[in-house]
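This report refers to the structure that appears directly beneath it.
Derivation of every value follows stated rules applied to the coordinates shown; laboratory data play no part. Here the structure is a predicted model, which means the values were calculated and not measured. Here the Cβ positions follow ideal geometry from the backbone for every residue, glycine too, while neighbour counts run over all protein chains shown.
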Amino acid sequence: MALNNPFTLSFGKSPNEIVSRYEYAEEILGTFRSSNPVSNAYLIEGIRGCGKTVLMTLIEKELLKEKDWIVVDLNSTQDLLSDFAMRLLDSCKKISDVLKKGFNLSVAGFGVGLNGENQSRDSVSIITEILETLKKKHKRVLITIDEVMNGDNMRHFASEFQIFLRKDYPVFLLMTGLYENIYAIQNDPALTFLLRTPKVNLEPLSLLQISKAYQKVFDTDIEFAKKLARITKGYAFAFQALGLLYYDFRNSLSLEEIILKFDDLLDDFVYRKIWQGLSEQDRKVILAISDSKTKVTDICQKLNMTSSTFSKYRERLISRGLIQSGQHGYVELILPRFAEVASFYAEE
């Protein structure tokens with residue numbers, strides 16, 4: 001791939017060429033910046049490759065520009081409280097008069113990998129002491145967790161986070177996750193406060209903005225740029241993947257040949273993982289939907305399924321971000337070329 005290619009397939013890395021989701025970013029930033037926030041937490045939900053991490057990174061970068069904000073990125077696979085204590089401590093070393101003299105010595109030996117109740121209490125005491133000081137200095141802390149998972153680790157962290165909020169500490173939480181993981185977290189009895197947490201469900205990118213981006217990068221006419229944009233269906237990963245391929249091969253391959261390579265990238269990076277996460281019946285429903293709008297009655301007839309039974313699968317697939325039902329009596333696949341790629345899975 002060309003070194004100066006402005007597109008990237010690296011998850012978690014902000015590409016040089018992006019289509020910003022201004023409305024979502026402004027909603028979250030406006031809430032967190034408020035003097036009396038209606039919520040101290042937000043959940044960004046969406047299918048793999050829809051741009052969740054890019055949006056979170058955009059918000060993080062905006063707040064890092066402001067002197068009153070500290071941003072702490074946590075790893076969902078680590079002990080979240082230990083991770084938070086260490087990263088918060090490290091961030092505050094750059095701020096004068098936050099840590100008391102000798103504070104570092106009091107946490108000697110502290111770190112991820114030390115388990116047990118005593119270590120957990122040490123984590124909380126470290127966090128509490130720092131947050132007390134930050135509150136007096138009118139500093140705010142944004143905690144980000146990418147691709148959050150449900151489990152004891154999250155339950156423990158969330159319980160302490162609620163206590164931090166009750167103490168009126170200036171802490172804010174921004175998490176991203178797949179539909180099934182966010183659903184599990186919000187419906188965990190131990191995490192009821194997250195059930196009331198505002199949730200952003202990422203919709204497809206603007207085809208107009210994708211067209212303009214392609215037109216600028218490829219120096220082409222707007223009609224051809226629109227044709228490329230329609231192929232992506234507004235799917236963030238597809239915008240990057242098609243852009244990357246067209247940038248490198250537009251002078252040596254036809255668009256049809258590039259699309260075949262496009263299918264391979266979708267398969268390798270995203271679609272196979274999505275397919276593996278579906279139930280057998282979910283897969284049958286997906287395969288019964290063509291690459292355009294499909295009548296529900298035709299799907300039911302093909303699968304020998306009642307409309308009430310189909311509605312259960314429809315709602316689940318809509319929630320997962322795989323299909324949409326914009327017109328009554330019809331459904332269609334949201335992801336570009338998913339029907340074509342999935343048809344090969346059915347033959348395996």
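Quick rundown of the values:
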| read-out | value |
| --- | --- |
| Distance histogram for segment 280-347 (every C-alpha pair counted, 5 angstrom bins, percent rounded to whole numbers) | 3, 18, 33, 29, 14, 3, 0 |
| Dipole in debye (nearest 20) - segment 191-325, about Cα centre, beta carbon charges: Lys, Arg +1; Asp, Glu -1 | 700 |
| Distance between modelled label sites at SER343 and VAL124, nm, 7 Å Cα→Cβ extension | 5.8 |
| Segment 207-275 - convex hull of the alpha-carbon atoms, volume per residue in Å³ | 78 |
| Only Lys, Arg (+1) and Asp, Glu (-1) charged, at Cβ; the chain dipole about Cα centre in debye | 920 |
| C-alpha center-to-center spacing [segment 209-235, segment 310-348] in angstrom | 24 |
| Of LYS65/LYS212; LYS93/LYS135; LYS61/LYS139; LYS94/LYS135, those spanning more than 25 Å from alpha-carbon to alpha-carbon | LYS65/LYS212 |
| Rounded tilt (10° steps) of 255-266 against the dominant C-alpha axis of the chain | 40 |
| For segment 22-201, size of Cβ-based charge dipole, Lys and Arg +1, Asp and Glu -1, in debye | 680 |
| Summed side-chain charge close to LEU194 - residues other than LEU194 whose Cβ falls under 11 Å, Lys, Arg +1, Asp, Glu -1 | +2 |
| Ranked by how many other beta carbons lie within 10 Å on average, peptides 321-327, 278-284 from highest | 321-327, 278-284 |
| Top positive-direction residue, dipole computed over segment 22-201 with Cβ charges, set VAL200, TYR24, VAL141 | VAL141 |
| Net charge, SER254 excluded, C-beta distance under 15 Å - Lys, Arg +1, Asp, Glu -1 | -1 |
| Amide H partners (placed H, <5 Å) of ILE323, local residues excluded | ILE318, ILE334 |
| Beta bridges per DSSP with both ends in the chain, % antiparallel, nearest 5 | 15 |
| For the chain, radius of gyration divided by Kirkwood radius, i.e. Rg to Rh on alpha-carbons | 1.03 |
| Two-decimal ratio, segment 22-201, of alpha-carbon radius of gyration to 2.2 N^0.38 Å | 1.00 |
| Local electrostatic count, LEU29, Cβ distance below 15 Å [Lys/Arg +1, Asp/Glu -1] | -2 |
| Violating pairs (Cα-Cα greater than 23 angstrom) within the set LYS199/LYS295; LYS52/LYS295; LYS227/LYS312; LYS136/LYS167 | LYS199/LYS295; LYS52/LYS295; LYS227/LYS312 |
| Rounded if a/c under 1.5, otherwise prolate or oblate - segment 123-245, Cα gyration tensor axes | prolate |
